[in-house]
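Working notes for the structure below.
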Amino acid sequence: MAEEKKQIDVQCLECKNINKLSEDDAKVGRWFECKFCGTTYEITGVKPDGSLELHPIEEEK
Ligand SMILES: [Zn+2]
């Protein structure tokens, strides 16, 4: 039986586009980069409604 991979919708805080992350990548402590605007986020938590809490990673210059 084929295992169905669950995808998590994550809305970018900057550009409001929806990124699809695999369930494995949508875990607290993981980072992801918005494929639309390139902003990098750390996933800091999961809200009661199942959406992810994001913390933008700012590059140090
Ligand atoms: Zn974005």
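Just so you know, all these numbers are worked out from the coordinates, no wet-lab data involved. As the structure is a prediction and not an experimental result, all values here were calculated from the model. In this analysis, Cβ positions are derived from the backbone assuming ideal geometry, glycine residues included, and neighbour counts consider all displayed protein chains.
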query: Got a number for residues in the range 37-61 being assigned to a loop (DSSP other than H, G, I, E, B) and either in contact (Cβ under 8 Å) with a residue 60 or more places away in the chain or more than 16 Å from the ligand (Cβ to nearest atom) (or both)?
result: 6
- line: By residue number, the members of the range 18-31 that are of a type in the set (S, T, N, Q) and more than 10 Å from the ligand (Cβ to nearest atom) are Ser22
message: I need the full set of residues from the range 16-36 which are part of a loop (DSSP other than H, G, I, E, B) and not polar (S, T, N, Q), in order please.
response: Lys16, Glu23, Asp24, Asp25, Ala26, Lys27, Val28, Gly29, Arg30, Cys34, Lys35, Phe36
task: Those residues that are within 16 Å of the ligand (Cβ to nearest atom) and assigned to a loop (DSSP other than H, G, I, E, B), I need them from the range 1-12; list them, please.
output: Cys12
field: Residue among Cys34, Cys15 that is within 16 Å of the ligand (Cβ to nearest atom) and either in contact (Cβ under 8 Å) with a residue 24 or more places away in the chain or exposed (fewer than 12 other Cβ atoms within 10 Å of the Cβ) (or both)
entry: Cys15
